[in-house]
């Protein structure tokens with residue numbers, strides 16, 4: 001059968017054609033294409049590695065920033081708490097101070113009141129004495145007629161004093 | 001829109017392919033001696049075989065002439081175009097034999113009337129097909145190379161991208177894992193083999209010129225390819241590879257006094273390339289054969305049960321042939337890849353070193 005008998009001419013030309021094709025491609029085409037492809041693959045690999053690294057860096061930075069923010073929040077809360085505490089303390093202290101002051105004022109007022117009373121008492125006593133002396137003087141001056149008249153006089157003066165007070 | 005146009009073009013091409021097969025088959029079926037009897041075997045082998053001219057579809061009286069180069073019995077070279085030998089004509093003492101030992105080959109008619117088969121280096125249909133395939137591969141690869149040269153590190157576009165997928169698959173995913181450090185040294189050969197076989201396979205599926213020559217379904221073509229792999233394997237083989245063949249590490253009784261292992265290993269050297277040769281040849285030839293048989297069903301049924309039945313077979317025939325053509329397209333890729341990966345393995349197996357074990 002013709003199909004199973006390899007023709008010499010065909011094999012000869014096939015060999016020539018393949019050899020030429022191989023020599024041309026092996027010299028000018030394949031090494032260049034393979035090199036280009038591998039270089040680009042390398043470039044892409046490096047790019048991916050770089051991107052991953054950059055992403056890791058960014059993730060780190062983000063975590064750090066988050067940490068900082070959380071810390072700042074805590075600090076803020078702390079400061080607020082502290083301020084509230086301080087304010088309360090201040091208010092309390094002010095209240096205390098005010099109470100003490102008020103007490104002092106009251107006490108001072110009481111003292112001065114007492115003094116005024118005492119003075120008034122003293123004055124009253126002086127006045128009563130004077131009055132008694134005046135009465136006595138008048139009584140002594142009228143020490144003439146009758147006892148009745150003198151008694152009436154005393155009474156009159158006493159009434160006067162009472163009316164005065 | 002673009003998709004629709006592509007689809008239409010694909011359908012037209014496939015339809016043309018099928019039409020071409022049908023046309024060829026019809027011509028062959030009726031170009032006999034007017035006898036309605038169909039001889040499928042003759043038609044199939046004529047279609048699968050070589051020819052001295054390139055047939056044109058839909059015009060059977062014309063063939064594209066190709067040069068015939070022969071060396072006669074007296075040692076003189078003769079070169080002329082094949083159209084001088086058409087229809088049994090004799091030129092310069094040469095003619096195409098009809099029947100006999102040299103059926104459809106150029107023979108020299110000697111003065112005593114006997115036929116002499118000269119040394120035949122004609123550019124036949126298959127040789128021209130091989131040249132066209134080689135040229136296509138050359139154009140294709142250089143187009144990609146120039147793209148790389150111009151665009152450097154950019155992501156590939158268009159044809160370069162299409163080819164890069166294939167190169168990447170064959171080189172990065174197949175040759176490099178198998179060969180390792182030696183990959184860049186043998187990659188040019190293996191890539192050339194892959195693209196050459198693939199182009200020849202696909203050209204064989206296209207019916208009209210410049211396709212239609214059954215290239216990889218021809219034993220001479222696959223033989224040359226296998227022979228080159230055989231030479232590369234054995235000429236670059238390491239000492240250890242030869243030691244494994246002539247003095248393998250098996251009990252001495254198997255090596256002396258009867259060199260049993262050596263004989264087996266020697267067989268192994270030759271069976272590998274022969275398997276390569278037969279596998280590609282049989283796959284491609286089988287595919288072509290089935291396509292033609294499906295087309296011939298029309299005429300076989302026509303001659304057996306009448307024209308009407310034959311005509312009714314047409315849709316089935318066309319559908320089956322289309323299916324086979326698509327399958328053959330797949331097989332074209334697979335067989336080119338198989339040839340390449342097996343060549344890679346054979347070559348890398350000849351590069352074993354002691355410490356690999």
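The values are calculated or read from the model by the stated rules, or taken from the named source; none is laboratory data. Note that the coordinates shown come from a computational prediction; the quantities given were computed from them, not determined experimentally. Please note: Cβ atoms are built from the backbone with ideal geometry, for glycine as well, and neighbour counts cover all protein chains shown.
Among the residues of the range B:310-343, those that are surrounded by 13 or more Cβ atoms within 10 Å (Cβ to Cβ), over 20 Å from the mean Cα position of the chain (by Cα) and more than 23 Å from residue B:205 (Cα to Cα) comprise B:310, B:312.
Within the range B:169-200, which residues are surrounded by 15 or more Cβ atoms within 10 Å (Cβ to Cβ) and free of Cβ contacts under 8 Å to residues at least 12 places away in the same chain? Within the range B:169-200, B:172, B:176, B:184, B:188 qualify.
Here the condition is being more than 60 Å from the chain's Cα centre (by Cα), part of a helix (DSSP H, G or I) and more than 7 Å from chain B (Cβ to nearest Cβ); of A:19, A:3, it holds for A:19 alone. From the list A:47, A:9, the one residue that fits, being in contact with a strand residue (DSSP E or B) (Cβ under 6 Å, 6 or more places away or on another chain) and surrounded by 10 or more Cβ atoms within 10 Å (Cβ to Cβ), is A:9. Residue B:276: buried (at least 16 other Cβ atoms within 10 Å of the Cβ) and within 16 Å of the chain's Cα centre (by Cα), yes or no? When the stated conditions are applied, residue B:276 passes them. Only one entry in B:113, B:100 is at pLDDT below 85, in contact with a strand residue (DSSP E or B) (Cβ under 8 Å, 6 or more places away or on another chain) and loosely packed, with under 14 Cβ neighbours inside 10 Å, namely B:100. For the range B:134-158, the set of residues classified as within 8 Å of another protein chain (Cβ to nearest Cβ) and either touching a helix residue (DSSP H, G or I) at 6+ places or on another chain (Cβ under 7 Å) or in a helix (DSSP H, G or I) (or both) consists of B:134, B:137, B:138, B:141, B:142, B:144, B:145, B:148, B:149, B:153, listed by residue number. Which one of the conditions (1) out of contact with any helix residue (DSSP H, G or I) (no Cβ under 6 Å at 6 or more places or on another chain); (2) loosely packed, with under 13 Cβ neighbours inside 10 Å does residue B:250 fail to meet, given that it meets all the rest? That leaves (1) as the condition not met.
Would you check if residue A:101 is more than 30 Å from residue A:154 (Cβ to Cβ) and either away from every other protein chain (no Cβ under 14 Å) or without any contact (Cβ under 8 Å) to a residue 60 or more places away in the chain (or both)? So residue A:101 fits the description; yes. Taking the criterion of being in contact (Cβ under 8 Å) with a residue 40 or more places away in the chain, outside any helix (DSSP H, G or I) and in the same structural domain as residue B:219 (by TED's automatic domain parsing), would at least one residue in the range B:237-249 satisfy it? Checked against the condition, which is being in contact (Cβ under 8 Å) with a residue 40 or more places away in the chain, outside any helix (DSSP H, G or I) and in the same structural domain as residue B:219 (by TED's automatic domain parsing), the range B:237-249 yields at least one hit. Count of the range B:83-119 residues, restricted to those that are touching a helix residue (DSSP H, G or I) at 6+ places or on another chain (Cβ under 9 Å), under 23 Å from residue B:42 (Cα atoms) and within 14 Å of chain A (Cβ to nearest Cβ), is 6. Among residues that are free of Cβ contacts under 8 Å to residues at least 24 places away in the same chain, out of contact with any strand residue (DSSP E or B) (no Cβ under 6 Å at 6 or more places or on another chain) and closer than 30 Å to residue B:133 by Cα, residue A:25 is included.
Would you check if residue A:115 is under 60 Å from the mean Cα position of the chain (by Cα) and surrounded by 10 or more Cβ atoms within 10 Å (Cβ to Cβ)? In short, yes. Taken together, A:108, A:94, A:98 contain a single residue that is more than 30 Å from residue A:161 (Cβ to Cβ), within 24 Å of the chain's Cα centre (by Cα) and at pLDDT below 95, which is A:94.
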